[in-house]
Structure formats: C-alpha cells, structure tokens
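**Q** I have a structure here, written as structure tokens, and I will follow up with some questions on it.
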Amino acid sequence: MTNLAIQIKGLTKIYPPDNRAVDALDLEVKEGEIMALLGPNGAGKSTTIRAASTLCGFDDGNVIVSGYDVDTHSLEVRQAIGVVAQQTGIDYFLTGRENMVLQGHLYRMKKADINARIEELSSYFELDNSIDNLVSAYSGGMRRKLDIACALIHRPRILFLDEPTLGLDIKNRKILWKHIDKLNKEFGLTILLTTHYLEEADNLSHQVAIINNGKVQVIDTPDALKNSIHGDSITVTFDDVGKNEQAFFHYAQQQSYIKGTTWEDNKLHLYVEDGGANVAALMAVATDNDAKIANLSLSRPTLDDVFLKYTGTSILDTKEEEGDEWWKQWAGKGGNTGKWKSQWGEGDSDSEGGDDNQAWKNSDWAKENSGVNPGDQKREEAQQNGAWSEGKQWPEQQSGNNTSGEHKSQKWDQSQQGDWQNNEWNKNRDGGEK
Amino acid sequence: MLADTWHLFNKYMRITMRMPMWTLFTLIQPLIWLLIFGQLFKDFVQLGEQDYMGFMVPGILVMTVLFGSSWSGVSLLREITAGTVDKMLVSPVSRVAIVLSRVLHSSAQVIAQAVIMLLVAWILGATLNMNPIYLLMAMLIVFLLGVGFAALSNGFAIALQREEPLVMIGNLMTLPLIFFSSALVPEQFMPDWIQLISAANPISYAVDAIRAVLSTTPDLAIFGQGLMVLTLFAGASLAWAVTAFNALRD
C-alpha cells in the first residue's frame, strides 16, 4: 500500500470577519506523486499550501505531512518539507552560494554537508557558473531555480511549489518543468504545486485537484479529467447575448449530439459528439435563430474545459497574478502576503476566499439578463451542486432531445456562409492535444 | 538559538557592508544638527565651564541611534513582502533568533554611526573624555538604546503592517523624544511639565548616562542609573517585539 505524504481532512481557514478561504477541504497526496492544485484566484490553493507548510494556522481540520501533524509537530514537518513560495524569498544582495549556505545553516546542517550539497544542486540546476554572483544579477528563471535549490538543500521528502513558474517566459518555464519532473522521477520527491498554467498541470502532475471556493471539486489524472468531457469542445462567442442568442442556446442544447453546455459571460461552451461532423448542423441552428456568432472554435477538450466545468469560469480568463519583482510590489503597497493582504489589500485579486470567480455575476450582461438566461441558471446550479459531474445532463437534455424537429429540418442558409467562413475554427486551441 | 542569531546577523551585516552608503546617509541629519545647532547655540547656551558642543554630543549620539534604528522595522516589512520571512518561517530556525538578529544588526549599525559622530565632534573641538573605557561604556548605552528602539520599530512594523505609517510614527516620535529629554538643553532649563515627561523618557537616561562618562569628570552613579533603566527598556521592547513576531501567523 502506498503511503500518504500529505493527508488533509476537513481543512477550514476563515479570515475575519467570515471569509472562508478554505472550507472543509480534503486532499491526499501519495508518496512520490506530483499533485497540482488548479483553481481561480482566491480558490484557496495558496492557503492550503501555507497551512500544510506550517506558515498559517487554521480553524478546523487535520493536516498530516510526512506522518506528522502540522499543529503539534511543526518542527518535524519543517524538517521534512521544502517550500518555494510565490515570492522568491531569496536575498538579492547575497550571492547564490551565500543564500544556499544561509539556508543550510537554518536547517542546522554541517558546513561540509552544505558545501557538498551546493555543488550538487548548483550543478543539477545548471547554476555552477553563476553561483558566486549576486542574485540581483540573475534572470527570473535563474532566481527561481536558485529558490528551488535553496528549498532542497536539506534533502526534504516533500516539496511545496506555489506557482513555481509564475512570471517566467515559456522557455524558462519549460526548463523548470524539466527539472521538477526529474526531481520527482529521479529522487522520488513528492511535489504539491499550485498553478494557473493548464499545460503545467497537464505535463507535470500525476493528479490534478481542481479547487474552487475553498473546496476540492474533483481530483483525478489529467487524462481522466479530460476524458470526463465527452466529445469535442465547441466555444461560441457572441458580441451580444440577446433573445436570438438565447433561443439558439435553447434549441442547441436539445440537439442529440450536444452533451453538455456551460455559459461563460458571452461565451457558450458546448460539448459535442463528433464536433467536426456536427459543427455545420450547429451553425444551422444559429442561422435558424438569427443568432449573431462572433467567433467559433472547435477543439479536443483540454483541462480548461474541465476547469470551466467545475468552476464556472475559464482559467484562461482568470487574471494572472503579477509576477513582479518585490520592489515593484513594495512600492506604495506595503506587505502583500497573508495577514498583510487581508487587512490592507484593496481588492487584491490574489486575496484568498475572494469572489473573483463570481465576477461574471457583476458583468453588465449578467445584470441585464438576470433570471433570463438559462446558462445563468445552470451555472448557479452547477456552483451550488459543486458543478455537474460526469454523465449528468441538464433537465432539458434528460427529458428528451431534438424536440424541435422544425429546427432540425431547416437547411443551412447559404447566405450566412460568408459569416461562417469568417469565424475562427481553430482545432488547435490551447496548442491542441498533447 | 544563538547559532541561528549569529547566522542571520551575519547575513544582515554582509548586506550592510555591500551598501555602506546607506549607513552613511542616516548620518546626514545628526551631522547637520551637530554642525549647525552646535555652532548656532554655542554662545547662546551658557553652561559655565563646559562648552555647548561637548554638552550636545551625547544628545546627537542618541539622535543618531533614533534615526538609525527606526529603519529596522521598514526592512522587516520589506523582507515580509519579498517572501524572505516566509522562507525563514518554514525552516526550523528559532523565531526569537529572527527578531534578535535584526535588532542586533541594527544596534551594531548605530554603534558604527555613533563612533563616526563621536570622531567628527572630537575633530570639531568638542570637549570629550576620550578614555577608551569610558568610550566603551558610552557605546554600551548606545547599544542598549539601539536594541530598545530597533525592537520597538520591528514591533510597530508588525502591528502597523505597512511602511507609510511606520515611517510616519518613526518621524513623529523622534523629535519630541529628543526635545522632551536632556539631549539639547540641561534639565534645569526646562519648564516643570517637560521635566516631568523627561523623567519618564528613556532618552533622558541614555543622554545623561553617556554625558556622565564622556565628561572630563565622569559620574558612575548617573551612568549606573542609566544602564539599569536602559537594560529594562531594551529588555521590555525586545520581549514585545518577539511576542508580536510570534503572533505573526495568518
């Protein structure tokens, strides 16, 4: 039986006055596994990592890390883990080596062991040539690598990575992925990471946990999650959602090939059997209802579709947290973490337990169409029920498909073909399938 | 805890040594006071046999300590924002050592600044007792005052959680504390109500103790009294800062 490296049961963290950043969250990470926490800003990812790494207290629940209770055996937990937070935390006015030496001392390591470990890690992260340079001269990617190297100096069994590639360009991101993957494969390091990048969760992790409103909505392998979305994904974007577009939605979801629908502001996500063959039929429904489609794309389901299904918002639309250097964040803002943020943050998008994923509710469209748009109701229902699960269909679909024979028999209006051709049909959205 | 304190102190000293100008910048204001105030008031304030410059130097040293140590909290906030404090907190390092190392670093810095100020005053012709033993005793007072105010600055940083109010409080406190003490004028020159405040002001005890040992006729009784009060002040401030830091958990 595989041992559990991290076991979280009923974790609840409430920020005053009643902001439930994490709400009865359960999570298990097996030894040697990479688990990615995927969720919108304010979903509770960072708070979960902070609680598991002894950085913040919590109001309820049990957190066992490497066999130790974080509440009663915090010292043992700290010795067993390495943590890389969103802010690098390394000193810019020290050299890479000095940072690592200090970190080794803080873990009460012997000098010879520290030196040996620095050689080993600087070589592993390809920092040999710059290890004696001041960190202020490092690039963002090098700083991140040094940060991870510092977190590994004492040979932890578990590594927490909070947005490890935030602010890095794609080249550096991929380099870091290679290192993280190697750490897991070669050294059996258990890794719990949070990320906004779908590709990161998809490529790196064995398991993905989608978190929303402080709760885990679903945990599974990336492939299983993607397979849970049956068929292809068609995203229809409208300039404006009026009566015609609502009628299109109404009739579209009655088509037998439509397996699921999700509204996201003025975008309608449709999960379709054999999308390539059925997109023309779908366009016919749009034409019949005189729905003005601004954009249409067809792709295989990605983790974004899974994310959308469980959180009601696309991760591609969530505001990316700034990967600014600390001095930019510092300028005029004061502290930017934990207690600091909760007391002084002015609508900071990163504030845990925030309502960012409810932003659609405040959109002009949502206000104008309150109580009218069926997608609105579905989303409400999905959120209340923890989103629809595999195989679950909306009542309209369950009660029978294709009730509108009239629409089915209507022919594709050739006059609309020009509009259709102008629409984007990108089968490789998000880079397509792996 | 001592080893942790040493390693962290070492880090802060290393960073300071890489930015020596910062240490010198904080000397500008006390230097202006010494040069301008000393010259302006030297004939105005009649102190019998003692020259005003010599009288004023202990006050300027204390001012140097206040200006220097009040920045300690600002750098703590910077470290919190940069994630450096979190990096320490996830390690098994002693929490007391984190505060202690910062406070000791700040005190070491103000001692270096005080030595420079003392040398400048001596070069300018202030009458001072330059016996190394008495100079060391004066620096002991500077150290304790530095510990006290650096700890207060760190404590306020955690309580206020933002740089702007911290700097504002630092600036607001410094001058009144100086004026409500015997730093610039002898106690007998003060109105009764200021004398009352002065008696409760640790700055007065620090100034009197330094003045007592830098005088050509040292008074160890006054020094002893100052040493006792400042040890209590430094201890209490440090205890408060450590308590505030230990509560620093979301």
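The values are calculated or read from the model by the stated rules, or taken from the named source; none is laboratory data. Predicted, not measured: the structure shown is a model, and the values here were computed from it. Here Cβ is always computed from backbone atoms with ideal geometry, including for glycine, and neighbour counts include all displayed protein chains. Heads up: the accessible areas ignore ligands, DNA and RNA and are worked out on the full protein's heavy atoms, side chains in. Shrake-Rupley method; radii C 1.70, N 1.55, O 1.52, S 1.80 Å.
**Q** Using the structure shown, decide if B:Ile158 is touching a residue at least 40 places away in the same chain (Cβ under 8 Å), under 30 Å from B:Val85 (Cα atoms) and part of a helix (DSSP H, G or I).
**A** On the way: touching a residue at least 40 places away in the same chain (Cβ under 8 Å): yes; under 30 Å from B:Val85 (Cα atoms): yes; part of a helix (DSSP H, G or I): yes.
Criteria met by B:Ile158.
**Q** Please find, within segment A:52-62, the residue that is modelled with the lowest pLDDT out of those that are buried (at least 23 other Cβ atoms within 10 Å of the Cβ) and in contact with a strand residue (DSSP E or B) (Cβ under 6 Å, 6 or more places away or on another chain).
**A** Step by step, filter segment A:52-62, then rank; the result is A:Phe58.
**Q** To continue, here is another question. When residues of segment A:5-34 are filtered for being open to solvent by 60 Å² or more (accessible area, probe 1.4 Å) and either under 25 Å from A:Asp202 (Cβ atoms) or outside the structural domain of A:Thr194 (by TED's automatic domain parsing) (or both), how many remain? Can you show your working first?
**A** From segment A:5-34, those open to solvent by 60 Å² or more (accessible area, probe 1.4 Å) are A:9, A:16-18, A:20, A:26, A:28, A:30-31; that's our starting set.
Those still in the list that are either under 25 Å from A:Asp202 (Cβ atoms) or outside the structural domain of A:Thr194 (by TED's automatic domain parsing) (or both) too: A:26, A:28, A:30-31.
Within segment A:5-34, residues that are open to solvent by 60 Å² or more (accessible area, probe 1.4 Å) and either under 25 Å from A:Asp202 (Cβ atoms) or outside the structural domain of A:Thr194 (by TED's automatic domain parsing) (or both) number 4.
**Q** Can you tell me which residues in segment B:1-31 are more than 9 Å from chain A (Cβ to nearest Cβ) and among the aliphatic types (A, V, I, L, M)?
**A** B:Met1, B:Leu2, B:Met13, B:Met17, B:Met21, B:Leu24, B:Leu27, B:Ile28, B:Leu31 - these are the residues of segment B:1-31 that are more than 9 Å from chain A (Cβ to nearest Cβ) and among the aliphatic types (A, V, I, L, M).
**Q** Next up: I'm told A:Arg157 meets every condition in (1) more than 14 Å from chain B (Cβ to nearest Cβ); (2) out of contact with any strand residue (DSSP E or B) (no Cβ under 7 Å at 6 or more places or on another chain); (3) among the charged types (D, E, K, R) except one. Can you identify the failing condition by its number?
**A** For A:Arg157, the failing item is (2).
**Q** Mind checking which helices (runs of 4 or more DSSP H) fall wholly inside segment B:171-250 and carry at least 2 residues that are touching a residue at least 24 places away in the same chain (Cβ under 8 Å), farther than 30 Å from A:Val70 by Cβ and away from chain A (no Cβ under 14 Å)? Please lay out each step first, then the result.
**A** Details: elements: B:192-199, B:202-214, B:220-246.
By residue number, B:202-214, B:220-246.
**Q** Just to be sure I understand, how many residues within segment B:98-133 are outside any helix (DSSP H, G or I) and surrounded by 16 or more Cβ atoms within 10 Å (Cβ to Cβ)? First the steps, then the outcome.
**A** Keep residues of segment B:98-133 that are outside any helix (DSSP H, G or I), which gives B:124-131.
From the residues that got through so far, the ones that are surrounded by 16 or more Cβ atoms within 10 Å (Cβ to Cβ) too are B:126-129.
Number of matching residues: 4.
So that you can scan it fast, the table gives a plain yes or no per residue for (1) under 23 Å from A:Leu198 (Cβ atoms); (2) touching a residue at least 12 places away in the same chain (Cβ under 8 Å):
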position	(1), (2)
A:Ala5	no, yes
A:Thr12	no, yes
A:Pro17	no, no
A:Arg20	no, yes
A:Leu27	yes, yes
A:Glu33	yes, yes
A:Leu37	yes, yes
A:Gly44	yes, yes
A:Thr47	yes, yes
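**Q** State whether the residues of segment B:77-97 include one that is open to solvent by 50 Å² or more (accessible area, probe 1.4 Å) and polar (S, T, N, Q).
**A** Checked segment B:77-97: no residue is open to solvent by 50 Å² or more (accessible area, probe 1.4 Å) and polar (S, T, N, Q).
**Q** Let me ask you something else. Kindly indicate which of B:Val142, B:Val74, B:Val110, B:Val103 is within 11 Å of chain A (Cβ to nearest Cβ) and within 16 Å of the chain's Cα centre (by Cα). Don't jump to the end; show me each part of the working.
**A** On the way: B:Val142 fails: within 11 Å of chain A (Cβ to nearest Cβ); B:Val110 fails: within 11 Å of chain A (Cβ to nearest Cβ); B:Val103 fails: within 11 Å of chain A (Cβ to nearest Cβ).
Answer to the selection: B:Val74.
**Q** Separate question: Output yes when any residue across segment A:161-169 is surrounded by fewer than 17 Cβ atoms within 10 Å (Cβ to Cβ) and at positive phi, and no when none is. Steps first, answer last, please.
**A** First, pick out the residues of segment A:161-169 that are surrounded by fewer than 17 Cβ atoms within 10 Å (Cβ to Cβ): A:169.
Subsequent filtering for residues that are at positive phi retains none.
Within segment A:161-169 (the criterion being surrounded by fewer than 17 Cβ atoms within 10 Å (Cβ to Cβ) and at positive phi), the answer is no, since none of the residues qualifies.
**Q** So is A:Thr221 open to solvent by 30 Å² or more (accessible area, probe 1.4 Å), closer than 29 Å to A:Trp177 by Cβ and among the hydroxyl-bearing types (Ser, Thr, Tyr) or not? Write out each step before concluding.
**A** On the way: open to solvent by 30 Å² or more (accessible area, probe 1.4 Å): yes; closer than 29 Å to A:Trp177 by Cβ: yes; among the hydroxyl-bearing types (Ser, Thr, Tyr): yes.
Yes; evaluated as a whole, the condition is true for this residue.
**Q** Using the structure shown, decide if A:Asp181 is in contact (Cβ under 8 Å) with a residue 12 or more places away in the chain, surrounded by fewer than 17 Cβ atoms within 10 Å (Cβ to Cβ), within 24 Å of the chain's Cα centre (by Cα) and assigned to a helix (DSSP H, G or I).
**A** Numbers: in contact (Cβ under 8 Å) with a residue 12 or more places away in the chain: yes; surrounded by fewer than 17 Cβ atoms within 10 Å (Cβ to Cβ): yes; within 24 Å of the chain's Cα centre (by Cα): yes; assigned to a helix (DSSP H, G or I): yes.
The answer is yes for A:Asp181.
**Q** Kindly establish whether B:Leu34 is modelled with pLDDT of 90 or more and either more than 11 Å from chain A (Cβ to nearest Cβ) or within 28 Å of A:Leu159 (Cβ to Cβ) (or both).
**A** Working: modelled with pLDDT of 90 or more: no; either more than 11 Å from chain A (Cβ to nearest Cβ) or within 28 Å of A:Leu159 (Cβ to Cβ) (or both): yes.
For B:Leu34, the condition - modelled with pLDDT of 90 or more and either more than 11 Å from chain A (Cβ to nearest Cβ) or within 28 Å of A:Leu159 (Cβ to Cβ) (or both) - is not met.
**Q** Restricting to segment A:87-102, name every residue that is facing chain B (nearest Cβ under 7 Å) and either under 25 Å from A:Ile14 (Cα atoms) or open to solvent by less than 30 Å² (accessible area, probe 1.4 Å) (or both).
**A** A:Gln87, A:Thr88, A:Gly89, A:Asp91, A:Leu94, A:Leu102
**Q** Now a separate question. For segment B:1-97, give me every one of the helices (runs of 4 or more DSSP H) that falls completely inside it and has 3 or more residues that are over 27 Å from B:Asn171 (Cα atoms).
**A** Values: elements: B:2-18, B:20-25, B:28-32, B:38-41, B:52-69, B:72-82, B:84-89.
Qualifying helices (runs of 4 or more DSSP H): B:2-18, B:84-89.
**Q** Here is a list of conditions, (1) more than 14 Å from every other protein chain (Cβ to nearest Cβ); (2) under 30 Å from the mean Cα position of the chain (by Cα); (3) not in a loop (DSSP other than H, G, I, E, B), and A:Ser123 meets all of them except one; can you say which number that is?
**A** (2)
**Q** Say whether the condition of being in contact with a helix residue (DSSP H, G or I) (Cβ under 7 Å, 6 or more places away or on another chain), surrounded by 24 or more Cβ atoms within 10 Å (Cβ to Cβ) and within 22 Å of A:Leu183 (Cβ to Cβ) is met by at least one residue in segment A:63-80. Write out each step before concluding.
**A** Narrowing segment A:63-80 to residues in contact with a helix residue (DSSP H, G or I) (Cβ under 7 Å, 6 or more places away or on another chain): A:63, A:65-66, A:68, A:70.
Narrowing the set further to residues that are surrounded by 24 or more Cβ atoms within 10 Å (Cβ to Cβ) leaves A:65, A:70.
Still in the running and within 22 Å of A:Leu183 (Cβ to Cβ): A:65.
Yes, the conditions are met somewhere in segment A:63-80.
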